[in-house]
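**Student:** Questions regarding the structure given below will be posed in turn.
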Amino acid sequence: MMEPAALARDLAASGVSGVMIVWADNNGIPRARIAPVDALPAVSERGVGITSLFAVFDTHDMITFAHPGLSTPSGDVRLLPVLERLTRLAGQPALAWAPGRQVATDGSVWPYDQRGVLEAQVRRAAEAGLEVRAGWEIEFAVGVAGEDPTGVLQGAHHGPAYSSRALLDVDEFAGTLLADFAANGLPVGQLHAEYGPAQVEVSLTPSDPVTAADRQLLARQTIHAAARAHGLQVSFAPLISASGVGNGWHLHTSVWRDGRNLLAGDAERGPGPDGAGYLGGLLRDLPAVAALTAPSVPSLTRLRPGYFAGAYVFWGVENREATLRYVPGSSLLGADHANVEFKACDASANPYLALATVIAAGTAGLADGATLDEPIQSDPGTWSEQERSTRGLARLPATPADQEAALLGSDRIRAVLGDDLLGAFVAARRSDAAWAAERTPDDVVAAHLWRY
Ligand code: GLU
Ligand code: MG
């Protein structure tokens, strides 16, 4: 890697005037500071100052002081750019982008640093001889820019779902998006017009977990800028209407040992024993994991049956209603392709915390041989209540109170965050829930449209 001073000179010579340092808060909202480019050498060592209260911001920019460690306006944290990830932004050529690490003012670990939580889980997995690969699918609604930012999204394409016709309406945007993804080092699997109104999806190819989470944040910025260039604005919110199709950010993971994909298996027999342990571990902690991966109030509404979003705690082989969709390898795709798609994930998740909890739950299951029931290949949403209860099928939490109980009920998942970060995260959820309790479902959805 280049020395910061040389890097700053290079950037300045190519027209970059600022470095945007980005982190995601406990609501999945990317927050940022811009440092002038010539300050990069100093900033890369000492960071820029930010308030320690970001861990207790809620989704609506209110600060809840209802967390013992962060209950006063006093305190400062340093935000350091991760220079190895520095990327000149194709869609915002005067800026470079870097993910941020939050450290205490003496340089020591800041327990609320979400990126560090993911790094710790990656290290733990490595100590057990395991490597995880991850990639997100990103769904979003494309709207015409300029409407009331709190209002309803005015769709920029009109379907049909998955059609080439729909893509014609957003043709220039799609072209810019792909070009900017390539320039920003974001490898794309595919792009298509999704099922929902004015919905588009772009998928990122798998990488190591920290890279995957960094890329997910960079992808958001890249998509927003590409939309703006064409008079559009995109909503990454879990829902764009209270009753319609949601924006899922499905998280695909696979787990490897000695270069071998432990999820490799086939459609008939499922994954091998280690892969079954990983899936079993995810299932065991699924309600608690979902509190981190789909944390907002609209997230809870999105997780309903019939929308391919994941509503019940079960797995299936290529079953798109399954919260855990096992994707086996095949003779065409090879064993390396095998992975599990976790559907109860969206943009309101902090990507580092989401992935950290998925890794922790899955690898814990692998370590202690968690068991896996037979896959379910239908949609349990179409079964009777009686049948679901006979077969012991649980619903994922659907209210903030159930969500909190699930999160606090899993020692394994609580340990991933640690008491400080967990306390702040729960305080933010409670603040969001209290805010939403006084509003209609439509108002709640509208208030989240442009937050991510
Ligand atoms: N839009 C769906 C969701 O909310 C996902 C559709 C799909 O399977 O791609 O997760
Ligand atoms: Mg999709």
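**Student:** Relative to the present Cα-Cα distance, how much length would full extension add between Ser163 and Ala42 at 0.36 nm per residue of separation? Provide the component values of the computation, followed by the final result.
**Tutor:** Values: separation 121, 0.36 × 121 = 43.56 nm, distance 5.00 nm.
Extra length from Ser163 to Ala42 when fully extended: 38.6 nm.
**Student:** Using C-alpha positions alone, give me the convex hull volume of the range 192-335 per residue in cubic angstrom.
**Tutor:** Convex hull volume per residue, Cα atoms: 137 Å³.
**Student:** Further question on the same structure: Where Lys and Arg each count +1 and Asp and Glu each count -1, what net charge lies around Val317 among other residues with Cβ under 13 Å from its Cβ?
**Tutor:** On the way: positive: Arg269, Arg320, Arg325; negative: Asp266, Glu268, Glu318, Glu321, Glu341, Asp373, Glu374.
Around Val317, the surrounding residues sum to -4.
**Student:** Looking only at the range 157-182, which residues have a backbone nitrogen under 14 Å from a spot 7 Å from the Cα of Ser207 in the C-beta direction?
**Tutor:** Zone members listed by number: 181-182.
**Student:** Any idea what the relative contact order of the chain is, in percent, if you count C-alpha pairs under 8 Å spaced at least 6 apart?
**Tutor:** On the way: 981 pairs, mean separation 80.4, N = 452.
In percent, rounded to a whole number, it is 18.
**Student:** At 0.36 nm per residue, and after removing the present C-alpha to C-alpha distance, how many nm does the segment from Arg228 to Glu84 gain when stretched out fully? Can you show the working numbers first?
**Tutor:** Numbers: separation 144, 0.36 × 144 = 51.84 nm, distance 2.74 nm.
Extra length from Arg228 to Glu84 when fully extended: 49.1 nm.
**Student:** Identify, among Ser44, Pro397, Trp110, the residue whose Cα sits farthest towards the positive end of the charge dipole of the chain, taking +1 on the Cβ of Lys and Arg and -1 on the Cβ of Asp and Glu, with the dipole about the Cα centre.
**Tutor:** Of the listed residues, the answer is Ser44.
**Student:** Compute the signed sum of charges (Lys and Arg +1, Asp and Glu -1) over the other residues within less than 11 Å, Cβ to Cβ, of Asn247. Intermediate values should be presented prior to the final figure.
**Tutor:** Values: positive: Arg302; negative: Glu137, Glu139, Glu194, Glu201, Asp346.
Here the count lands on -4.
**Student:** Under a Cβ-Cβ cut-off of 11 Å, what is the net charge of the residues other than Leu421 that fall near it, where Lys and Arg count +1 and Asp and Glu count -1? Walk me through the numbers before you get to the answer.
**Tutor:** Values: positive: Arg414; negative: Asp113, Asp419, Asp420.
So the surrounding residues net to -2.
**Student:** Hey, another quick one. Mind jotting down a quarter of the surface of the convex hull over the alpha carbons of the range 336-452, in square nanometres, one decimal?
**Tutor:** On the way: hull surface 41.2 nm².
Taking a quarter of the hull surface, the average projection is 10.3 nm².
**Student:** Would you work out the Kirkwood radius for the range 1-156? I mean one over the mean of 1/r across all pairs of different Cα atoms, in Å. Don't jump to the answer; show the numbers that get you there.
**Tutor:** Working: mean 1/r = 0.0557 Å⁻¹.
Taking every pair of different Cα atoms in the range 1-156, averaging 1/r and inverting gives 18.0 Å.
**Student:** Which loop-located trypsin sites (Lys or Arg not before Pro) does the range 215-287 contain, where loop means any DSSP state but H, G, I, E or B and the Cβ has at most 13 other Cβ atoms within 10 Å? Before the final figure, lay out the partial values.
**Tutor:** On the way: sites: Arg215, Arg220, Arg228, Arg257, Arg260, Arg269, Arg284; in loops: Arg269.
Those that pass, being in a loop and sparsely packed, are Arg269.
**Student:** Would you kindly state the longest site-free stretch of the chain, with sites defined as GluC sites (Glu not before Pro) in a DSSP loop (not H, G, I, E, B) surrounded by at most 13 other Cβ atoms within 10 Å?
**Tutor:** By the stated rule (loop sites, at most 13 other Cβ atoms within 10 Å), 1-146.
**Student:** Also, quick follow-up: Tell me the Kirkwood hydrodynamic radius of the chain in angstroms, computed as one over the mean inverse distance between distinct C-alpha pairs. Write down the numbers at each step before the final one.
**Tutor:** Values: mean 1/r = 0.0448 Å⁻¹.
About 22.3 Å for the chain.
**Student:** Which residues' amide hydrogens lie under 5 Å from the amide hydrogen of Val188, considering only partners 5 or more residues apart or on another chain, with H built in the peptide plane?
**Tutor:** Under 5 Å from the amide H of Val188: Thr205.
**Student:** Separation of the range 152-194 and the range 386-425 by C-alpha centroid, Å?
**Tutor:** The distance from the Cα centre of the range 152-194 to that of the range 386-425 comes to 35 Å.
**Student:** Please compute the volume of the convex hull spanned by the alpha-carbon atoms of the range 134-239 and report it per residue in Å³. Mind dumping the intermediate values first?
**Tutor:** Values: hull volume 9.7 nm³, N = 106.
Taking only Cα atoms, the range 134-239 has a hull volume of 92 Å³ per residue.
Rule-based calculations on the coordinates, nothing more; no lab input. Just so we're clear, the structure is a prediction, and the values are computed from it rather than from any experiment. Neighbour counts are summed over all protein chains in view; Cβ atoms, including those assigned to glycine, are modelled from backbone coordinates with ideal geometry.
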